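The values are calculated or read from the model by the stated rules, or taken from the named source; none is laboratory data. Note that the structure is predicted; figures quoted are calculated from it, not measured. Here Cβ is always computed from backbone atoms with ideal geometry, including for glycine, and neighbour counts include all displayed protein chains.
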Amino acid sequence: MSEIYIKWDNVRGETDRFSNISKKLSQCADTVLNVANNLEISDDVKELLRRNLRKESENIEQLSEKSLKFGTVVSDASDKYQSTENRLTEN
C-alpha cells in the first residue's frame, strides 16, 4: 500500500503566510485610497485619478480578503488530513 507523508508544520506555515499577505494587501489598499483622497491637481484629472485609484484600492482589498480565505481553507484542509491520519493510525 502507498504511503503519504504530509509535513503539517509546513502546511500551517502557509496559513500564516497567507494571513501576512492579506494584511500587506489591506495596507496597500489603504495607501492607494489615501493617495486618491489627497490628490491636489486640476479637478477633471483629479476626479478621474480618484475614481481609478479607489477602484484599484477596492480590487486590492478583495485580493486581501481572498488571500485570508485561502489561508483558512489551507488550515482546514491540514486539520482534516491530520485528523484522518490520526484516526487511521489509532486502529
Would you confirm whether or not the range 61-83 contains a residue that is at pLDDT below 85 and either in contact with a strand residue (DSSP E or B) (Cβ under 6 Å, 6 or more places away or on another chain) or over 27 Å from Asn10 (Cα atoms) (or both)? no
Near pairs, Cβ below 7 angstrom, 6+ apart or cross-chain, from the range 40-61 (free of Cβ contacts under 8 Å to residues at least 40 places away in the same chain and of a type in the set (D, E, K, R)) to any residue that is surrounded by 12 or more Cβ atoms within 10 Å (Cβ to Cβ) and assigned to a helix (DSSP H, G or I): Arg50/Ala36; Arg54/Leu33; Arg54/Ala36; Glu56/Val32; Glu61/Ser26; Glu61/Ala29
List the pairs whose first member sits in the range 8-29 and is within 20 Å of Thr84 (Cα to Cα), whose second member is not β-branched (Val, Ile, Thr), and whose Cβ atoms are under 7 Å apart, counting only residues at least 6 apart or on separate chains? Trp8/Ser78; Trp8/Gln82; Val11/Ser78; Arg12/Ser75; Arg12/Ser78; Thr15/Gly71; Thr15/Ser75
